1. Return the single residue from Phe59, Phe147, Phe114 with maximal mean-square fluctuation; model: Gaussian network over the chain, springs between Cα atoms under 10 Å.
2. Between Lys179 and Glu39, what is the label-point separation in nm under the 7 Å Cα-to-beta-carbon projection?
3. Based on the alpha-carbon gyration tensor of region 103-168 and its eigenvalue square roots a ≥ b ≥ c, which shape applies: rounded if a/c is under 1.5, prolate if not and a/b is larger than b/c, or oblate?
4. Determine the sum of side-chain charges near Pro53: Lys and Arg each +1, Asp and Glu each -1, restricted to other residues whose C-beta is under 14 angstrom from that of Pro53.
5. Using a Gaussian network model of the chain whose springs link C-alpha atoms within less than 10 Å, name the residue from Tyr146, Tyr163, Tyr90 with the highest mean-square fluctuation.
6. Translational D (Stokes-Einstein, µm²/s) of region 9-194 at 4 °C and 1.567 mPa s when Rh comes from the Kirkwood sum over C-alpha pairs?
7. For the chain, what is the calculated [θ] at 222 nm in deg cm²/dmol (nearest 500), taking -39500 (n - 2.57) for each run of four or more DSSP H residues and dividing by its residue count?
8. From the square roots a ≥ b ≥ c of the eigenvalues of the alpha-carbon gyration tensor of region 65-134, which class results: rounded (a/c under 1.5), prolate (a/b over b/c), or oblate?
Amino acid sequence: MKELDFKPIDDITSELVNTHSEINIKNVEKTVNDLQFSEEKILVCGTGASSHPEFNPRFATPSAMIQADLYITVDHHKPKKEYFTKQGNYALSLIVHPDVPKKILELNGKIFWFSPQYLKNDLPKIISGVITMDNSGLASISLASYFNAKSILLSGIKLTDSYAKFLEGKKLVFENASKNKTRIFSLDGILATKATFDEWCKF
């Protein structure tokens, strides 16, 4: 395990992670184990593309600002109102800012919790990165694999430029998906084997 001696990125610290999780765990009513997705294919969408294919089920980060069957976030910031506008099902990491679940309940959304793998608790463990560098796109991929999807197509999830800091977590997520026999494809070919939407649908 690496020592946590690097400069925290974006003001995230292990103390903040613990503070948020200690507050949020008191409000857990349902977990991602209360969700049911039995489909063999899941489309996972992020902010790196301006449009996404229509597919069911479709997972998305709130910042993608599209209609989805499940919204996933690990965001430790206060919720931006332009991102949180839709009712629906939200899968939240324990480390999210405590105002995030409040905002979702204002929208009459439903919350299903999970925990990062590095915290000790009884919640379902979903890998979304390494401590202080969790990523909602990676959490979405992990959740799709957790629900036993055989094939995932990524749309707008790249981890380039300012998101390159999450590549260490990407390795963990992809290794775990491989163990779970989940194959990952990508519309742009950046993070995974390139495939068009039509090709993926035929696989």
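The numbers here are math on the coordinates, done by the rules we state, and not lab data. Computed from a predicted structure; not experimentally measured. Positions of Cβ are generated from backbone atoms using ideal geometry, with glycine treated the same way; all protein chains shown enter the neighbour counts.
1. Phe147
2. Rounded to a tenth, the inter-label distance reads 2.7 nm.
3. rounded
4. -2
5. Comparing Tyr146, Tyr163, Tyr90 in a Gaussian network model of the chain, the most mobile one is Tyr163.
6. Value of D from the Cα-based Kirkwood radius: 80 µm²/s.
7. Calculated mean residue ellipticity at 222 nm is -7000 deg cm²/dmol.
8. In terms of gyration-tensor shape, prolate.
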